[in-house]
Amino acid sequence: MSDLYPLLMSPVFDPRPWGTLDLSPVYPDRRFDEKIGESWLTGEDGKVANGHLKGKSLAELTTQSGRELVGEAATDPSRFPLLTKFLFPHEKLSVQVHPDDAAAHRAGEPCGKNECWYVAHAKPGAQVALGLKAGTTRQEFQQAIQQKRAEEFLNWIDVFPGEMIYIAGGTVHTLGPGSIMVETQQQSDTTYRLYDYGRPRELHLQQGLSVMKENTGSGKVLRPPPEEIPGTRNRRAQLVASPYFVVEMFELKHSQEFQTTDDSGKSSVQILTAVEGCGVVESPGAEPVTFAKGDAVVVPAFAGRFSVRPQWSVEFLKSRLPGKAMPEPTVRM
């Protein structure tokens, strides 16, 4: 019998030059002395904050528990599969690119870095850049980098709260100021920095240009509107389904039951990330776990069934691995 249970994670606050001292939209009670760019919730170094496994990292627990934690849908039972974090850009991120699986394998890495951004907050005029402007070649973009004109060749789009943006591996991209994103991605931190506005940080031009693609399947995800869950006042919306992750949004007014298997019959670890309100995760045989905006709870695959009981109301993203082959999502720019 496994000793796992729903795991409340301790956020790891990562300083970045493009970050901010003010994280109050998500963490109103936290104060910082240096600019924070990211709050890591399920990185392999992330630590458990509750129960007898408190202080253990997800990497340690995955090594010890394997598929009891990550589930049958995981390709590698020895690695925690998904990384979830909040992004707090106060200035533009570097222009960067991540490898897809094939490019990562050629470099000896276990996986690529396909990712998605849920727009939790956005000020008017907030933008992201996804890919190159139509007709721009790799050679033209390389020349623009050398001429310090890289931004002119990027495809900039406005973003609005509630949207989901899919960033396929190989996509040149960056994030402008004025938004707060919840990022879900493959468990990889392989980032090649192509352009950084003169900041004194290392660039990775050779590696980045070798993995970038002139055309990719990135963009805003086309998805149906939220639907009411039958018999409740709760609402659900599928934000993105891809070969690498499935992310749904739930807005709960009443307790809601969930399971760790999908219609394929395969199980997956479930990551619950609160974006508004507060709720309690309940699983048979385990202590209830309270989580609020900015928190994440990792529900082990072996749990089978669990429920979330709102404290008045709670909105959260639920991320998991797909149990069967999935196509790339349908997107628009």
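The values are calculated or read from the model by the stated rules, or taken from the named source; none is laboratory data. Not measured: the values here are computed from a predicted model. We place every Cβ from the backbone using ideal geometry, glycine too, and count neighbours over all the protein chains shown.
Strands (runs of 3 or more DSSP E) wholly in the range 179-223 with at least 2 residues that are charged (D, E, K, R) - which ones?
Result: empty, no element qualifies.
Considering only the range 56-71, I want to know if a residue exists there that is within 24 Å of ALA122 (Cα to Cα) and either out of contact with any Gly (no Cβ under 8 Å at 6 or more places or on another chain) or not β-branched (Val, Ile, Thr) (or both).
No, there is no match, as no residue in the range 56-71 is within 24 Å of ALA122 (Cα to Cα) and either out of contact with any Gly (no Cβ under 8 Å at 6 or more places or on another chain) or not β-branched (Val, Ile, Thr) (or both).
Return the pair list, or none, for Cβ contacts closer than 8 Å from residues in the range 60-72 that are more than 13 Å from SER2 (Cβ to Cβ) to residues that are crowded, with 23+ Cβ neighbours inside 10 Å and of a type in the set (S, T, N, Q), at least 6 apart or on different chains.
The qualifying pairs are GLU72/SER267; GLU72/SER268.
Please find, among GLU251, GLU282, GLU276, the residue that is surrounded by fewer than 17 Cβ atoms within 10 Å (Cβ to Cβ), more than 30 Å from THR137 (Cα to Cα) and not polar (S, T, N, Q).
GLU276
Working only within the range 84-127, note down all residues that are crowded, with 24+ Cβ neighbours inside 10 Å, among the hydrophobic types (A, V, I, L, M, F, W, C) and either assigned by TED's automatic domain parsing to the domain that holds ASP262 or closer than 13 Å to THR190 by Cα (or both).
Passing the criteria: only VAL97.
Return the residue satisfying two criteria in turn: it lies in the range 274-294 and is touching a Cys at 6+ places or on another chain (Cβ under 9 Å) and not aliphatic (A, V, I, L, M), and of such residues it is farthest from PHE86 (Cα to Cα).
THR290
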